[in-house]
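Only one structure is covered here, and it is reproduced in the block below.
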Amino acid sequence: MTGAAPLLQAEGIVGGYASAEQVVKGVALSAAAGELVSVIGPNGAGKSTALKLVAGLLRPSAGRVRLGGEDVAGRSPQAIARAGLGFVPQERNIFGALSVAENLEMGCLFERGAMRARAAEAYARFPMLVEKRRAAARSLSGGQRQVLAVAMALMARPRALLLDEPTAGLSPRAASELFALVRGIADAGIAVLMVEQNALESLAVSDRAYVLVDGRNHLDGPAAAVADDPDIRRLFLGGRTHPAPAAAPVPFQQPGGFP
Amino acid sequence: MPEDVLQGWLQALLNGVVSGSLLALPALGFSAIFAVLRFPNFAVGALATAGAYAAWVVNARLGLPVGAGVAAAFLVAALVGVLLEAAALERLGRGGALMKAIGSLAMAMVLENALRFAFGNDLQAFDLPLARDMLLGPVRIGPQQINNFLVAIAVMAALWAFLALTPLGRSMRAVADNPDLARLKGVNPRRIALITVAAGAGLCGVGGTLIGLDTAIDPLLGGRVLLSVFAAAVLGGLGSIPGAVAGAFVIGIAEEFTVLALSPSYRMAVGFVVILAVLTVRPAGLLGSRAA
Ligand SMILES: Nc1ncnc2c1ncn2[C@@H]1O[C@H](COP(=O)(O)OP(=O)(O)O)[C@@H](O)[C@H]1O
Ligand SMILES: [Mg+2]
């Protein structure tokens, strides 16, 4: 990429939780409009924490988050959302007690006038939601929930979108459908940063990728290059194109890991 | 079964349904505040008393109709509730839910004594026309009881409509369900919290007024029902709106049957027993989604 700065650009962000103040120890992430960028790394590397710092759910203690030229670091999540950032968290990313229709409405609080038209578009794009519109969102299947969470984020017409493990817990087929959906979102001109544990499939649909290890950038580059990096294959992807490593590969995502 | 026993049961059931409907309003207020602000606000009893005195001033001192008193009760209790939250409880929030709960108990004492100072300890009565009880088959009921019951049901219906049908109600349910996601979607959590406190405290004020209309008003009016209100909310599932209503009816009816079967002095025991039983057997309550 040359010339103009990417739409979403986080630099040197540091932060964490009250009980663990430095989980993210200086991370840079960026995505240009229309670009799909994967963020991969071992369980506990700080990927989810980094996204929360970018979205304002956690306040970074250092670093900048530029969104379309504005520095939004340290602002409230509402303000950052209003500036054009959508965030689909890893867990609890829908309002389970609200109906599907109400979930979509909650996605459009900044432009209430456009609510009906955008909901109609969402139903046209995701017909599955139509028959469920009156149902409580908690009654949806895992794949349907992820689709609803993404549809809710799109209701706000974000310029940039953060997705945290959107395919976690999905069947291979539902995961593939979701990757295709995310690719389509980026192709429509949105800057997308996607944390994923299905690293191979994620890299296959992405333009670029970051590898985070222990709260820091470990590697980044074009998705194909990251997928072919022998170190990365051995560490995260199970070393499929190379002889089996002597040591067992680091499990990419252990069940029951910390959220 | 002898006829007079059956008659006694029917009468207790009817009384229980009516008193349950009155308990339901502060129980709803308590549960709504718990659902959104995540702490038990034990000032609900004192807020009910404050509302009742506001209604009494409007009705007995200013000579306005009881309906105007009920409206005043809602507004004054809502205002006092918001003041307590914004001036005192909010600051305790950093200390956690327990700090806020203890703070609310302290605020309840302050408010109760302010009312005592302003209005004295004497019983005060509303200016109501004397009316004869009516016989409904084997049971009797006063016209004021019927009025109170209908007002309580109407207020519950209005609350339901507000929560289910308005954008503000939707945002409140969203914050109760998933506060982080609500913030990401642009909801201002403090605004929703204060509106919830206003609505919840207002419900307490109306409930206190109806209880005062049923009996009389004194500075301990709300404090006396606090245990029953808390028990109703715990039984229904803390934070559950339908649960608070169901819990209030169960408590109201159980109290009347306890009075019938044992003696009035055991009325207070119902709340304790129910709270203990729920916390032991089913901490999430009847309709609660998460363990309390
Ligand atoms: N809510 C939290 N409070 C305290 N520590 C947390 C919290 N969430 C995550 N952590 C810690 O932060 C580290 C990184 O977690 P996370 O960002 O979720 O990693 P990843 O998403 O890469 O798997 C982990 O060591 C985890 O224990
Ligand atoms: Mg994670």
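The values are calculated or read from the model by the stated rules, or taken from the named source; none is laboratory data. Treat the numbers as computed from the prediction; the structure is a model and nothing was measured. Cβ placement follows ideal geometry from the backbone for every residue including glycine, while neighbour counts extend to all protein chains displayed. The protein model used for the area step is the full one, side chains on, heavy atoms only, and it has no ligands, DNA or RNA in it. Shrake-Rupley method; radii C 1.70, N 1.55, O 1.52, S 1.80 Å.
Values as computed for the structure displayed
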{"read-out": "Index of the failed condition, B:Leu221 passing every other in (1) within 22 Å of B:Leu84 (Cα to Cα); (2) more than 16 Å from the chain's Cα centre (by Cα)", "value": "(2)"}
{"read-out": "Filter result for the condition that a residue is out of contact with any Lys or Arg (no Cβ under 9 Å at 6 or more places or on another chain) and surrounded by fewer than 17 Cβ atoms within 10 Å (Cβ to Cβ), over B:Ala254, B:Ala232, B:Ala246, B:Ala269", "value": "B:Ala269"}
{"read-out": "Within region A:133-150, tally of residues that are farther than 9 Å from A:Ile94 by Cβ and of a type in the set (D, E, K, R)", "value": "2"}
{"read-out": "Within region A:49-104, considering residues that are in a loop (DSSP other than H, G, I, E, B), within 16 Å of ligand 1 (Cβ to nearest atom) and within 12 Å of chain B (Cβ to nearest Cβ), the one most open to solvent (accessible area, probe 1.4 Å)", "value": "A:Arg92"}
{"read-out": "Region A:105-126, residues that are under 22 Å from the mean Cα position of the chain (by Cα) and within 13 Å of chain B (Cβ to nearest Cβ)", "value": "A:Glu105, A:Met106, A:Gly107, A:Cys108, A:Leu109, A:Phe110"}
{"read-out": "Residue identified as touching a Pro at 6+ places or on another chain (Cβ under 7 Å) and either away from chain A (no Cβ under 11 Å) or modelled with pLDDT under 95 (or both) among B:Pro219, B:Pro179, B:Pro143", "value": "B:Pro179"}
{"read-out": "Residue within region A:14-23 that is under 22 Å from A:Leu235 (Cβ atoms), open to solvent by 20 Å² or more (accessible area, probe 1.4 Å) and modelled with pLDDT under 95 present", "value": "yes"}
{"read-out": "All positions within region A:195-219 that are touching a Pro at 6+ places or on another chain (Cβ under 8 Å) and not hydrophobic (A, V, I, L, M, F, W, C)", "value": "A:Glu196, A:Asp207, A:Arg208"}
{"read-out": "The one condition in (1) in a strand (DSSP E or B); (2) at pLDDT 95 or above that A:Gly34 fails to fulfil", "value": "(1)"}
{"read-out": "Residue pairs meeting the criteria (Cβ under 9 Å; at least 6 apart or on separate chains; first within 17 Å of A:Gly44 (Cβ to Cβ), in region A:205-224; second open to solvent by less than 70 Å² (accessible area, probe 1.4 Å) and among the aromatic types (Phe, Trp, Tyr))", "value": "A:Val211/A:Phe236; A:Asn217/A:Tyr210; A:His218/A:Tyr210"}
{"read-out": "Filter result for B:Ala254 (more than 18 Å from B:Gln11 (Cα to Cα) and in contact (Cβ under 8 Å) with a residue 24 or more places away in the chain)", "value": "no"}
{"read-out": "Contacts under 7 angstrom Cβ, first residue in region B:208-235 being within 16 Å of B:Ala248 (Cβ to Cβ), partner among the charged types (D, E, K, R) and buried (at least 24 other Cβ atoms within 10 Å of the Cβ), 6 or more apart", "value": "B:Ser228/B:Glu255"}
{"read-out": "Residues of region A:153-189 satisfying the condition of being within 16 Å of ligand 1 (Cβ to nearest atom) and among the aliphatic types (A, V, I, L, M)", "value": "A:Leu162, A:Leu163, A:Ala168"}
{"read-out": "Residue match in region B:193-211 (condition: outside any helix (DSSP H, G or I) and out of contact with any strand residue (DSSP E or B) (no Cβ under 8 Å at 6 or more places or on another chain))", "value": "no"}
{"read-out": "Residue list for region A:49-88, restricted to those being within 16 Å of ligand 2 (Cβ to nearest atom) and out of contact with any Pro (no Cβ under 9 Å at 6 or more places or on another chain)", "value": "A:Thr49, A:Ala50, A:Leu58"}
{"read-out": "Some residue of region A:41-48 being within 14 Å of chain B (Cβ to nearest Cβ), within 16 Å of ligand 2 (Cβ to nearest atom) and within 16 Å of the chain's Cα centre (by Cα)", "value": "yes"}
{"read-out": "Matching residues, region A:202-232, being in a helix (DSSP H, G or I) and open to solvent by 20 Å² or more (accessible area, probe 1.4 Å)", "value": "A:Ala204, A:Val205, A:Ala224, A:Ala225, A:Asp228, A:Pro230, A:Asp231"}
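Yes/no matrix, rows are residues, columns are (1) surrounded by 24 or more Cβ atoms within 10 Å (Cβ to Cβ); (2) not in a helix (DSSP H, G or I):
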position: B:Gly16; (1), (2): no, no
position: B:Leu22; (1), (2): yes, no
position: B:Gly29; (1), (2): yes, no
position: B:Phe42; (1), (2): no, yes
position: B:Met109; (1), (2): no, no
